[in-house]
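Everything below concerns the one structure shown next.
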Amino acid sequence: MPTPDGTPPTRIGVFGGTFDPIHHGHLAMAEECRAVLDLDLVLFMPAGQPPHKRGRKIAPVADRVAMVELAIASNPFFRLSRVDVDRVGPSYTVGSLEALRLEWGPEARFWFLMGADSLADVLTWREPARLIELCRVVAVNRPDAPPPDPSRLERALPGASARIDVVEMPAMAISSTDLRARVAAGRPIKYQVPEAVERYILEHGLYR
């Protein structure tokens, strides 16, 4: 899969999430990271079975994938990755990154995008040391929030702080949780999600 200019991608962002639903905050975050880190592509990787959301009802995988495809269609630097949704079992990031390395080859380098407030939680993820080996971690911070502190991660995983990039993005107070609640209450979500995603949600009766 070449980049928009026809060259093989070597600097690849990976944006994993439930995307239930995807919204403009997700898209702005991915585009800011792409520009700041000079990434060739950003892969949107919907989770098949997110292990941290067991017990919570989420939209079917097919619907979440369809909404991601609609949302990213206009950006040639954004691609969908089905690496999580096409495999059986819980969606562990370390396994997904292993699969992406096989798919994209030895020349590819990966940057895994996450919210800065999630940085400390990395230690609770499966094989955090291996995860840090497989990618650089991008902690995306809001301008009104304190900068992330990687010291806890460094104490547990010496050298980890050297593999963390911090990107600040414009503040956008949009959340998938709030969007689901708004749809359930019959309130508008226009201008918070792409128009194609809004139409999909209404036409398929999601979150009612």
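At-a-glance table
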item: Filter result for residue 165 (surrounded by fewer than 14 Cβ atoms within 10 Å (Cβ to Cβ) and among the charged types (D, E, K, R)); result: no
item: Tally of residues being within 23 Å of residue 26 (Cα to Cα), modelled with pLDDT of 95 or more and charged (D, E, K, R) across region 125-155; result: 1
item: Residue in region 117-142 that is nearest to the chain's Cα centre (by Cα), counting only those that are outside any strand (DSSP E or B) and polar (S, T, N, Q); result: 118
item: Cβ pairs under 6 Å, 6+ apart, first in region 60-81 and of a type in the set (D, E, K, R), second at pLDDT 95 or above; result: 64/19; 64/20; 64/46; 69/80; 79/41; 79/43
item: Residue selected from region 156-192 under the condition in contact with a strand residue (DSSP E or B) (Cβ under 7 Å, 6 or more places away or on another chain) and of a type in the set (Val, Ile, Thr), by the criterion nearest to residue 24 (Cα to Cα); result: 167
item: Looking only at region 27-45, and only at residues there that are out of contact with any strand residue (DSSP E or B) (no Cβ under 7 Å at 6 or more places or on another chain) and free of Cβ contacts under 8 Å to residues at least 60 places away in the same chain, the one that is nearest to residue 190 (Cα to Cα); result: 31
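Here's the yes/no breakdown for (1) small (Gly, Ala, Ser); (2) in contact with a strand residue (DSSP E or B) (Cβ under 7 Å, 6 or more places away or on another chain):
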{"position": "58", "(1), (2)": "no, no"}
{"position": "68", "(1), (2)": "no, yes"}
{"position": "71", "(1), (2)": "yes, no"}
{"position": "84", "(1), (2)": "no, yes"}
{"position": "105", "(1), (2)": "yes, no"}
{"position": "140", "(1), (2)": "no, yes"}
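The values are calculated or read from the model by the stated rules, or taken from the named source; none is laboratory data. Computed from a prediction, not measured in an experiment: that's the story for all the values here. Note that we place each Cβ from the backbone using ideal geometry, even for glycine, and neighbour counts take in every protein chain shown.
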